[in-house]
1. For residues in the range A:363-401 being basic (K, R) and without any contact (Cβ under 8 Å) to a residue 60 or more places away in the chain, which is farthest from RNA strand B (Cβ to nearest atom)?
2. Looking at A:D385, A:D405, A:D422, A:D401, which one is under 29 Å from A:A525 (Cα atoms), assigned to a loop (DSSP other than H, G, I, E, B) and of a type in the set (D, E)?
3. If I filter the range A:518-526 for residues that are crowded, with 20+ Cβ neighbours inside 10 Å and within 21 Å of A:A100 (Cβ to Cβ), do I get at least one hit?
4. Kindly state which helices (runs of 4 or more DSSP H) lie completely within the range A:488-552 and contain at least 2 residues that are within 30 Å of A:N452 (Cα to Cα), near RNA strand B (Cβ under 10 Å from one of its atoms) and at pLDDT below 95.
5. Look through the range A:329-354, keep the residues that are β-branched (V, I, T) and more than 12 Å from RNA strand B (Cβ to nearest atom), and return whichever of them is nearest to A:V275 (Cα to Cα).
6. Could you pull out every one of the helices (runs of 4 or more DSSP H) wholly within the range A:12-117 that has 2 or more residues that are crowded, with 16+ Cβ neighbours inside 10 Å, among the β-branched types (V, I, T) and within 16 Å of RNA strand B (Cβ to nearest atom)?
7. Test A:R362 against the stated conditions and say whether it is within 18 Å of A:T127 (Cα to Cα) and charged (D, E, K, R).
Amino acid sequence: MSLLGSLSDRFGDAFEVLGLDRSFGEVVVSNRPDLAQFQCNGALPAAKAAGRNPREVALGVVDALASTDDLADVSIAGPGFINVTLTDEALAAHLARIAADPRHDVPRLRAEDIVIDFGGYNVAKATHVGHMRPTIIGDSLQRIARFLGHRVTSDIHLGDWGLQMGMLIVGVAERMPDLPYFDPDHEGAYPTESPVTLDDLAEIYPDVSARTKTDPSLAEAARKATLQLQSGRPGYRALWQHFVDVTLESQRRDVTALDVHFDLWYGESTVADRVDAMVDDLLEQGVATENQGAVVVEVAEPGDKTEIPPLLLAKSDGAALYTTTDLATLAMRVQDFGAKEILYVVDARQALHFEQVFRTARKAGYAPPDVVLEHIEFGTVNGPDGRPLRTREGGLPLLHDLLADARSAAMARMSEARIGADLSEAEREAVATAVAAAALKFGDLANHRTSNYSFDLDRFTSLEGKTGPYLQYAAVRIASILRKAADAGLGGGPPVAPTTDVERALVLRLATVPEIVLRAWDLRAPNHIAETAYEIAGAFNRFYEHCHVLGEEDPARQASWLTLVEGTLATLTRLLDLLGIRIPDRM
RNA sequence: GCCCGCGUAGCUCAGCGGAUAGAGCAACCGCCUCCUAAGCGGUAGGUCGCAGGUUCGACUCCUGCCGCGGGCGCCA
């Protein structure tokens, strides 16, 4: 059990002795380090609940506390705060524990099957700034979940089956009418080479989309093409496959460059052959009804604060929508994957859509009550004007370009500061690549996911401050000490009692990690991990200033410090890994 | 109009109903004969949008208002 966990347990026992709920015993790291290392505030709410005097309750708890020799001081302050300070020997013992534990004292949870959906990627769109948050946040969540012991399946869930496919088909037909894909009498195989590039598609889609708003016949043609694609028209299927292939090729490259991995590259179309049966089933169950030719599901409930419109399951022409495939996908994940939690990392504008899909899934029994369905919302990435980030031309900046900019900024910073001067050109480039990804990721994950944040490459790649590069640099310096120690034949040894506040503070920071990782997962909020990683780096840097490890003359103390250095590096490396940030060997 | 989110230092943002609201940047003052100064220490900077309420205690919970953003059935 973690340090805070076992302290909380002991305080819980003491509350129980007084006949009070043990949950009041929660102990946290003190927010008044000048007074104590830890605090338990439970006496106040406990006293309120029991109608007793808080100071008396606190006094009773302290009396009932099993006396052990690891507590240097337990005292009551203010209206009933209980302050706790451990002995230096106890801190050393705790350091020995976490340094020897590859999990840094973080518990393993009961494993569950979890699906994470990175919705938002679409055919015909290169990875752009709008994909950055779900990709970075979702990736961090999958790393955290796996570390806690869950079985995670991540799915990019490409948007590849809706009306925009029809728009692309008619757009290509307009431009290249002689292609065999449009000839209903075509026989044999279709060309293996795509007639269009992703750039072509990226130009065609907005053009057609805009024109359908004023041209009803074009809109009708797009609808019809969508339906025919979904019905299996061979030429359209073949052409569509090219759309998917050229899109995925580009998106795979971008996602890989960000050092993100998806287990599945499924799309809406993956469940295409399940849609009809599902609609029939919903009609049969009486969950869905026909309405003006369309199939809808009434999802409004009596207690609703606002009117929740019906979910549109099938258009009047019978075509599927993304709500249809989302629902079928949800059912598949529960049935085939045994998913107990499905997390949709999709921007906040789709809240209503998910509410409708989730309600329908519950009504239809596709998601039993014990299955968690959650929309993980996030805010926008803003430019200097406080509006969502755009390029000078008004388009959405591509992820590829953002990364390239971050990379050249990192290179420039390194040259300026004469960092990595002794590295080869290839090594410098590798470092710049790692720094660029870290800059973007930490710049994003340092913010709470629901808040909008302003994208500032200069700040994110900065040499100074609360940035990804700072954390990487801190880790590299730590590793450097260990490398030099190893060269000198020195290694870690049993921790001895700390004698300075910088040592104590560092151990205390490390001790908070288990609760922080659990909280980050509970709240789906990686920024808590980002914050703790930053605090640990800061605590280490203060230790680094005060305690010269390699120059220490007392061998026992030096060995103890090396253990502290190792434990810090292992923990920091883990936290950064949970954020998806890689540490270069040298910088 | 209704619903959701946001409003914290000059700027960018943290903040788990608890003690004196924190960090980074920018400003100012210091620290490299010593493990990487992309570092460390210090000073200054706040009616936590406004007004009520609940509570021993509110940035945190509730209500109203103001401001910004978003959503509201055959798009995704």
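1. From the range A:363-401, those basic (K, R) are A:363, A:387, A:390, A:392; that's our starting set.
Now drop any that are not without any contact (Cβ under 8 Å) to a residue 60 or more places away in the chain, which leaves A:387, A:390, A:392.
Details: A:R387: 7, A:R390: 12, A:R392: 20 Å.
Restricting to residues being basic (K, R) and without any contact (Cβ under 8 Å) to a residue 60 or more places away in the chain, the top hit is A:R392.
2. Details: A:D405 fails: assigned to a loop (DSSP other than H, G, I, E, B); A:D422 fails: under 29 Å from A:A525 (Cα atoms); A:D401 fails: assigned to a loop (DSSP other than H, G, I, E, B).
After applying the criteria, what remains is A:D385.
3. Within the range A:518-526, none of the residues are crowded, with 20+ Cβ neighbours inside 10 Å and within 21 Å of A:A100 (Cβ to Cβ).
4. Numbers: elements: A:501-511, A:513-523, A:527-546.
Passing ranges, in order: A:513-523.
5. A:T329
6. In the range A:12-117, A:54-64 are the helices (runs of 4 or more DSSP H) which contain 2 or more residues that are crowded, with 16+ Cβ neighbours inside 10 Å, among the β-branched types (V, I, T) and within 16 Å of RNA strand B (Cβ to nearest atom).
7. no
Condition check ((1) within 24 Å of A:T270 (Cα to Cα); (2) surrounded by fewer than 18 Cβ atoms within 10 Å (Cβ to Cβ); (3) not aromatic (F, W, Y)) across all residues:
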position	(1), (2), (3)
A:G166	yes, no, yes
A:T192	yes, yes, yes
A:L201	yes, no, yes
A:P216	no, yes, yes
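The values are calculated or read from the model by the stated rules, or taken from the named source; none is laboratory data. Only a predicted model underlies this, so the values are computations on that prediction, with no experimental measurement involved. Please note: Cβ atoms are built from the backbone with ideal geometry, for glycine as well, and neighbour counts cover all protein chains shown.
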